[in-house]
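Engineer: Sending over a structure as structure tokens; questions will come in a sec.
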């Protein structure tokens, strides 16, 4: 640590640390003497120079930090005490710096894991590895090498730093590099060996680590610096960790590429996801049937349950997928499901079926968990979209619809092909509600049954959107918008206009369409992203000039699903 850091530590003891100041004061009183401390810049940190005839330099690691002024021999005890207090504070700051460095290393390794998890080729993994390693290990040059035993070639997969002769270096040093790769060890190259090697004349510091999986080493990472920076054992250990992590990622990418069949277009990739998902039965479904494992399930097993069904749909999925290759499309959907699945499970639900551009989830413990999961999914995507924006990727938005009610869960099919099935109007209605969320422009849409089923409704904020009669349904459904899943600015807007929106809905349902239109317009003008306000503004404006029947109750009849 620097001199300035040591000076700040000393100033903290003498100026701000009440316990240290009290101790020095009490010690001064007991010794019947005092002292003055003047730092290297001339600032008095303790006492006054008046009356003191002797001085001692206060040094740390051969660096002057200040002057200790005193008069009697007793004051030397105070000098020793100050030294001990400073040493304690210095060690504390040193440990803090080490902890901070360790945190940076852990954070870098975590970030590296996140970045390379999205890569499926060795070149991309190698490039990311060198870039991330250079963020925490001081380096000007780096090579990512892989050995191909079939061709007996050492291949440069990625490099860092300008060195037009790197390929020539690899060819000249092939035998040495092959031996080092085969040995699979990490090392800091001694300075005298670097100086003797003409191929390394542009470097003064070098170390390397193997790319190893299980008992097989297939490459190495070499990093170096143009200056004598003095790599440490800790840095070598960190490089080894990074290399092993990259090796595992490359091995996984190789296995993935080897096992992944070629697909013709995006639709085939999505269909494959859907087809594969149908082969798996959620363990929660099996447990709901009263079975411990899938081998205990038989054709015809069934149970009736009270559940909340949630449909989640990726908005604008076609637009997003058009800009992706089939493989990237697969990875995108898989990444989305990996983020949403844990949230569903954490809130007491399970995903019954993946639908390519969304999924259907069941919550057997009521709608509280279903709504909590829906809000959390939106918030997770808002955070995820910030990361996507940095990578210049389109944002991901979802629409959620839910319904509570009874359904039959069971095993259907025939003796050769079994399938987990749910049979209920509740599922059909939940799917319709999700479709209606597009119509209303809401992030989360739920029915009256879901709202009544909540165990803690005060946890959420709602807006009543009236009644809708979906196509094919005999009875209208009361709908509510949960605004807690909206973006922060839109949510704040809706919260501040909750009463105004309720008043506008009351006017609308009381057939006072002119006043309703004026009120909805006021809400919409304050934030044009408020789609429900826009929808009811248009409906109210249209109804002003229409003849309304006496039994009109504001029910909107849908002509499409």
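Engineer: Taking segment 365-386, which residues are crowded, with 18+ Cβ neighbours inside 10 Å and more than 17 Å from the chain's Cα centre (by Cα)?
Structural biologist: Listed by number, the residues that qualify are 367, 368, 369, 370, 371, 372, 374.
Engineer: Condition (residue is touching a strand residue (DSSP E or B) at 6+ places or on another chain (Cβ under 9 Å) and either at pLDDT 90 or above or farther than 30 Å from residue 504 by Cα (or both)) applied to segment 380-389: is it met by at least one residue?
Structural biologist: If we filter segment 380-389 for residues that are touching a strand residue (DSSP E or B) at 6+ places or on another chain (Cβ under 9 Å), which is where we start, we get 381, 385.
Subset that is either at pLDDT 90 or above or farther than 30 Å from residue 504 by Cα (or both): 381, 385.
There is at least one residue in segment 380-389 that is touching a strand residue (DSSP E or B) at 6+ places or on another chain (Cβ under 9 Å) and either at pLDDT 90 or above or farther than 30 Å from residue 504 by Cα (or both).
Engineer: Still on this structure, please answer the following. Any residue at all in segment 349-361 that's in contact with a strand residue (DSSP E or B) (Cβ under 9 Å, 6 or more places away or on another chain) and free of Cβ contacts under 8 Å to residues at least 24 places away in the same chain?
Structural biologist: no
Engineer: Taking residue 189 and the conditions (1) within 15 Å of residue 220 (Cα to Cα); (2) touching a helix residue (DSSP H, G or I) at 6+ places or on another chain (Cβ under 6 Å), which numbered condition does it fall short on, given that it satisfies the others?
Structural biologist: (2)
Engineer: For segment 455-499, which residues satisfy the criterion of being touching a residue at least 60 places away in the same chain (Cβ under 8 Å), in contact with a strand residue (DSSP E or B) (Cβ under 8 Å, 6 or more places away or on another chain) and outside any loop (DSSP other than H, G, I, E, B)?
Structural biologist: Passing the criteria: 463, 465, 466, 467, 468, 469, 482, 484, 485.
Engineer: Quick one: is residue 502 farther than 17 Å from residue 526 by Cβ and in a helix (DSSP H, G or I)? Outline the logic, then answer.
Structural biologist: Values: farther than 17 Å from residue 526 by Cβ: no; in a helix (DSSP H, G or I): yes.
No.
Engineer: Please determine whether any residue of segment 413-424 is closer than 21 Å to residue 367 by Cβ, assigned by TED's automatic domain parsing to the domain that holds residue 365, at pLDDT below 90 and more than 36 Å from the chain's Cα centre (by Cα).
Structural biologist: To start, the set of residues in segment 413-424 that are closer than 21 Å to residue 367 by Cβ comprises 422-424.
Checking which are assigned by TED's automatic domain parsing to the domain that holds residue 365 leaves us with 422-424.
Next, only the ones that are at pLDDT below 90 stay: 422-424.
Still in the list and also more than 36 Å from the chain's Cα centre (by Cα): 423-424.
Yes, some residue in segment 413-424 is closer than 21 Å to residue 367 by Cβ, assigned by TED's automatic domain parsing to the domain that holds residue 365, at pLDDT below 90 and more than 36 Å from the chain's Cα centre (by Cα).
Engineer: Among the candidates 37, 58, single out the residue that is under 24 Å from residue 93 (Cβ atoms), surrounded by 15 or more Cβ atoms within 10 Å (Cβ to Cβ) and in contact with a helix residue (DSSP H, G or I) (Cβ under 7 Å, 6 or more places away or on another chain). Outline the logic, then answer.
Structural biologist: Numbers: 58 fails: in contact with a helix residue (DSSP H, G or I) (Cβ under 7 Å, 6 or more places away or on another chain).
Criteria check complete, one pass: 37.
Engineer: OK, next. Given the conditions (1) modelled with pLDDT under 90; (2) touching a helix residue (DSSP H, G or I) at 6+ places or on another chain (Cβ under 7 Å), report the number of the one that residue 46 does not fulfil.
Structural biologist: Checking residue 46 against (1) modelled with pLDDT under 90; (2) touching a helix residue (DSSP H, G or I) at 6+ places or on another chain (Cβ under 7 Å), the one that fails is (1).
Engineer: Right, another one. Tell me, yes or no, whether segment 176-184 has at least one residue that is in a helix (DSSP H, G or I), in contact (Cβ under 8 Å) with a residue 40 or more places away in the chain, surrounded by 12 or more Cβ atoms within 10 Å (Cβ to Cβ) and in contact with a strand residue (DSSP E or B) (Cβ under 9 Å, 6 or more places away or on another chain).
Structural biologist: First, pick out the residues of segment 176-184 that are in a helix (DSSP H, G or I): 176-183.
Now drop any that are not in contact (Cβ under 8 Å) with a residue 40 or more places away in the chain, which leaves 177, 180.
Checking the rest, the ones that are also surrounded by 12 or more Cβ atoms within 10 Å (Cβ to Cβ) come to 177, 180.
When the remaining residues are screened for being in contact with a strand residue (DSSP E or B) (Cβ under 9 Å, 6 or more places away or on another chain), the result is 177, 180.
There is at least one residue in segment 176-184 that is in a helix (DSSP H, G or I), in contact (Cβ under 8 Å) with a residue 40 or more places away in the chain, surrounded by 12 or more Cβ atoms within 10 Å (Cβ to Cβ) and in contact with a strand residue (DSSP E or B) (Cβ under 9 Å, 6 or more places away or on another chain).
Engineer: Let me ask something else about it. Could you tell me whether residue 500 is farther than 25 Å from residue 403 by Cα and surrounded by fewer than 17 Cβ atoms within 10 Å (Cβ to Cβ)? Steps first, please.
Structural biologist: Values: farther than 25 Å from residue 403 by Cα: yes; surrounded by fewer than 17 Cβ atoms within 10 Å (Cβ to Cβ): yes.
Taking the combined requirement at face value, the residue satisfies it.
Engineer: Could I ask something else about it? Would you mind telling me which numbered condition in (1) surrounded by fewer than 13 Cβ atoms within 10 Å (Cβ to Cβ); (2) in a helix (DSSP H, G or I) residue 194 fails?
Structural biologist: (1)
Engineer: Still on this structure, please answer the following. Considering every residue within segment 340-354, establish whether at least one is more than 27 Å from residue 119 (Cβ to Cβ), over 22 Å from the mean Cα position of the chain (by Cα) and at pLDDT below 85.
Structural biologist: Within segment 340-354 (the criterion being more than 27 Å from residue 119 (Cβ to Cβ), over 22 Å from the mean Cα position of the chain (by Cα) and at pLDDT below 85), the answer is yes, since at least one residue qualifies.
Engineer: Before we move on, is residue 253 buried (at least 16 other Cβ atoms within 10 Å of the Cβ), at pLDDT 70 or above and touching a helix residue (DSSP H, G or I) at 6+ places or on another chain (Cβ under 7 Å)? So that I can check it myself, show each step before the final result.
Structural biologist: Working: buried (at least 16 other Cβ atoms within 10 Å of the Cβ): yes; at pLDDT 70 or above: yes; touching a helix residue (DSSP H, G or I) at 6+ places or on another chain (Cβ under 7 Å): yes.
Yes: the conditions hold for residue 253.
Engineer: Please verify whether residue 163 is out of contact with any strand residue (DSSP E or B) (no Cβ under 8 Å at 6 or more places or on another chain), at pLDDT below 85 and within 27 Å of residue 233 (Cβ to Cβ), treating the condition exactly as stated.
Structural biologist: Here the answer is no, as residue 163 does not meet what is asked.
Engineer: Let me ask something else. Looking at segment 523-552 only, could you name the residues that are at pLDDT 80 or above, in a loop (DSSP other than H, G, I, E, B) and either in contact with a strand residue (DSSP E or B) (Cβ under 6 Å, 6 or more places away or on another chain) or surrounded by fewer than 17 Cβ atoms within 10 Å (Cβ to Cβ) (or both)? Step through it out loud before you land on a result.
Structural biologist: Step one: of segment 523-552, the residues at pLDDT 80 or above are 523-549, 552.
With the extra rule that they be in a loop (DSSP other than H, G, I, E, B), the set shrinks to 527-530, 545-549, 552.
Listed by number, the residues that qualify are 527, 528, 529, 545, 546, 547, 548, 549, 552.
The values are calculated or read from the model by the stated rules, or taken from the named source; none is laboratory data. Everything numeric in this text was worked out from a predicted model, so none of it was measured. Cβ coordinates were reconstructed from backbone atoms using ideal geometry, including for glycine residues, and neighbour counts include every protein chain displayed.
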